Amino acid sequence: AEAALRRAQTLEAVGQLTAGVAHDFNNLLQAIRSGLYLLSPRVPESSRKVLDASLQAVDRGAKLVRQLMVFSRREALEPRPVDVRALIAGVGELLQKAVGAPVAIETAIDADVAPALVDPTQAELAMLNLAINARDAMPQGGTLTIGARNASLAEPQGAAPAGDYVVLSVSDTGMGMPPEVLERVLEPFFTTKAVGKGTGLGLSMVHGFVTQSGGDLRIESRPGLGTTVSLWLPRAVAAPAPEAEPSAAPAAPDA
Ligand code: ADP
């Protein structure tokens, strides 16, 4: 499970990198192609074969890059009402395997917690990312607590507009973060972990996901005491669709 989680993180990272690099690479290839065409009238007959081979190579490269761009296209979010209790249960199961013995996993879920309007797969991935960070912050062991509660904002706060939310949180009793780390954690590729251990993309991806979902991410951290990362997700108006009938997404009557 640990390897699978790392792979999921790395795959995401590679996807983002590929999309960025492929785009730049495509521009470079187009520049090379234009250059070769401009040169072609001046190329002596004896060198024509070399030029043609070069143009063909450029075309092959362009085709490859197109395939890469298709492959790395990020899937669009598909928000729907999600039972956060079930979501946390699923995450917890995966975590038991990924988190070592010295870390205890606890849940603190309010009895009346509402469904969230969110892409369930991405939400699960986000929670796993946070939990892996929490685990990594407690090499000596500690307690990882997954929480869920309702909250409302009377006024906009950060990226979150006023409204009703479901707050999912991951708390640890780990090393915490000094201010100079805390202020950089959302930067892509910022990591304090050893090479090969961290990509520095976890929190930036989670942040992107929650803001795209109409919510926000909050981090509270105290060096030596621990960290709580909260995902503020919009509350769903409709009830979550039953697991067995995934297509029965009920439409909100008004609002
Ligand atoms: P990565 O986990 O690959 O380093 P992230 O974007 O998830 O990338 O995290 C960036 C950095 O934020 C981490 O390297 C670490 O320094 C810090 N961090 C994140 N979560 C925690 C946490 N729960 N406790 C302490 N530090 C954390």
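Quick note: the coordinates plus some simple rules give every number you see, no bench work behind them. Computed from a predicted model, the values in this text were never measured in an experiment. Methodologically, a virtual Cβ is constructed for each residue, glycine included, from the backbone with ideal geometry; neighbour enumeration extends over all protein chains shown.
Just a few scattered comments:
- Considering residues of region 129-152 that are in contact with a Pro (Cβ under 9 Å, 6 or more places away or on another chain) and without any contact (Cβ under 8 Å) to a residue 60 or more places away in the chain only, the residue nearest to residue 203 (Cα to Cα): 138
- Per the conditions (1) more than 8 Å from the ligand (Cβ to nearest atom); (2) more than 16 Å from residue 219 (Cα to Cα), the sole criterion not satisfied by residue 169 is (2).
- Filtering region 41-58 to residues that are surrounded by 11 or more Cβ atoms within 10 Å (Cβ to Cβ), without any contact (Cβ under 8 Å) to a residue 12 or more places away in the chain and in a helix (DSSP H, G or I) leaves 47, 48, 52, 57.
- Total residues in region 114-138 satisfying the condition of being more than 11 Å from the ligand (Cβ to nearest atom) and assigned to a loop (DSSP other than H, G, I, E, B): the figure is 3.
- Selection over region 161-187 of residues that are buried (at least 17 other Cβ atoms within 10 Å of the Cβ) and under 18 Å from the mean Cα position of the chain (by Cα) gives a count of 5.
- Pairs, first acidic (Asp, Glu) in region 179-203, second within 8 Å of the ligand (Cβ to nearest atom), C-beta under 9 Å, six or more apart: 187/200; 187/203; 187/204
- Filtering region 187-221 to residues that are in contact with a strand residue (DSSP E or B) (Cβ under 8 Å, 6 or more places away or on another chain) and more than 7 Å from the ligand (Cβ to nearest atom) leaves 206, 207, 210, 211, 213, 214, 215, 216, 217, 218, 219, 220.
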